[in-house]
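Inspection log for the structure reproduced underneath, given as structure tokens.
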Amino acid sequence: MKWNEFADWGRRVADWTQDYHLTVGDRPVRARTEPGAVLNALPPVPPEAPEAMEDIFRDFEDIVMPGITHWQHPRFFAYFNSNASAPSVLAEFLASAIAPQCMLWQTSPAATEMETRMMDWLRQGLDLPEGFAGVIQDSASSATLAAVLTLREKALDWQGNRQGLFGQRPLRVYCSSEVHTSVDRAIWVAGIGQDNLVRVPIKGGWRGMDPDALDAAVQADLAAGLQPAGLILCVGGTGTGATDPVDRCLDVAEKYGLYTHVDAAWAGSAMLCPEFRYYWPGIERADSIVFNPHKWLGVQFDCSAHFLKNPDDLVRTLAIQPEYLKTHGRDGIINYSEWSVPLGRRFRALKLWFLMRTYGMEGLRQRLRNHIAWSQALHDRLAAEPDFEIVTPPMWSLWTFRYLREGADLDDLNQRLVNAINDDGRIYLTQTRVDGVLVIRFQAGQFETTEDDVMMAHDVITQIARSLN
Ligand SMILES: Cc1ncc(COP(=O)(O)O)c(C=O)c1O
């Protein structure tokens, strides 16, 4: 393809994109493809001869689109949303067009400096103290890995990268049972070992870590000659929105000198609204915090905001400077590749800039508030139905429920209900387990969802449940 043919195709793709987003609500949310259908529709060998863009585009529509689950559907109430607002898609288009590799300041000063500024806009939005500095990671998993590597290096007096972990006292890291599996993976990759990830019991309606149990676990480890190194807190866990009592857990961390990382991948966006900050009192005392603008806030995937009280610890852990990466005579500049595991970096700050300018912070806050209010209204309606039980209460816009039927195996009944709802296609939900019991999750957070979309879930859920055999 020649660049002078690009604009025609670009317009066609733009038209297609606009039409897709305007009509996506008419499609079934979850893909209806059978396993192997897309694989079998793709030739097993690559083409030797060039093919026309017209044919490629037609196959995109015929082969790819039927196999897509529509994450931008206004009634996508499963998992956590991965929103792609219109301005962030435009910014991503531009970032793809110029395709800079933003590993160092000098490899694209605009990208680095915009990243600094955008992360500071978000810091102000969250009302974190001025000392916090931010970096955009590709995912919350990467931010958590970076934090775990940092806590490991601090605990090993900065010798782990050099000497490895062999012969060291085992390091201990604490979290609740409700954290995302990205924490386990970070522990594996950092060489700390799953057996040294201590699951502290939870208590209370927020399903948060019991700080007294945390204190006792640290003391037991000290008595056993192990080395407590870090604490990973959860604010808005994936299953039920579980949230640790941040201030009380940080008291314990400070008492024992633990490095602290807070995973607020989903719920962090809502913290732009001051009225929800009671969920993370004392957050300014954490060492590291991550939230994903690529989830609820509306930034096209991927874009994970990682804030650090002392970025020097992270840079000391991850920076490596072969001669070809040195930027001689440029002291004082930031090379963000020293803040993350991958060297190569995309220009992700651009889509944050487009998003925050297009809607303004108040516009973004209003969307989040709407989602939470509508989700809670739906919760109230379902709670009033005698054959439904709310299992966990709304945490922001997430809550869980079960359908009840006398004499039925409720796990089986509710799994069949989720399957039937998703086969129906008007809405999309997922299940999780709470204390071993299968429950259905509801969360609202799609960028374009409306009150009617959320309320439609009531009719779909109750009708399908009552028609189940
Ligand atoms: C609470 C929580 N933490 C971390 C993650 C992982 O996020 P990412 O896909 O950005 O690594 C998720 C994903 O849903 C999550 O819900």
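The values are calculated or read from the model by the stated rules, or taken from the named source; none is laboratory data. These figures come from a predicted structure and were not determined experimentally. Here the Cβ positions follow ideal geometry from the backbone for every residue, glycine too, while neighbour counts run over all protein chains shown.
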Search region 60-86 for residues being of a type in the set (Phe, Trp, Tyr) and assigned to a loop (DSSP other than H, G, I, E, B), and hand back the single one that is nearest to THR450 (Cα to Cα).
-> PHE77
Quick check: anything in region 310-326 buried (at least 24 other Cβ atoms within 10 Å of the Cβ), within 17 Å of the chain's Cα centre (by Cα), assigned by TED's automatic domain parsing to the domain that holds GLY131 and in contact (Cβ under 8 Å) with a residue 12 or more places away in the chain?
-> no
In region 18-50, the residues that are over 28 Å from ILE421 (Cβ atoms) and among the small types (Gly, Ala, Ser) = ALA49
Going by the structure shown, is VAL183 surrounded by 13 or more Cβ atoms within 10 Å (Cβ to Cβ), within 16 Å of the ligand (Cβ to nearest atom), in contact (Cβ under 8 Å) with a residue 24 or more places away in the chain and under 21 Å from ALA220 (Cβ atoms)?
-> yes
What number of residues within region 169-212 are within 22 Å of ALA147 (Cβ to Cβ) and outside any loop (DSSP other than H, G, I, E, B)?
-> 26
Which of the following residues is more than 23 Å from ILE136 (Cα to Cα), hydroxyl-bearing (Ser, Thr, Tyr), more than 24 Å from the chain's Cα centre (by Cα) and away from the ligand (no atom under 13 Å from the Cβ): TYR256, TYR278?
-> TYR256
Go through region 115-141 and give me each residue that's buried (at least 20 other Cβ atoms within 10 Å of the Cβ), within 16 Å of the ligand (Cβ to nearest atom) and not hydrophobic (A, V, I, L, M, F, W, C).
-> GLY134, GLN137, SER141
Scan of region 238-251 for residues that are away from the ligand (no atom under 15 Å from the Cβ) and either surrounded by 24 or more Cβ atoms within 10 Å (Cβ to Cβ) or not assigned by TED's automatic domain parsing to the domain that holds VAL183 (or both), ordered by number = CYS249, LEU250
Matching residues, region 294-310, being within 11 Å of the ligand (Cβ to nearest atom) and out of contact with any helix residue (DSSP H, G or I) (no Cβ under 6 Å at 6 or more places or on another chain) = HIS294, LYS295
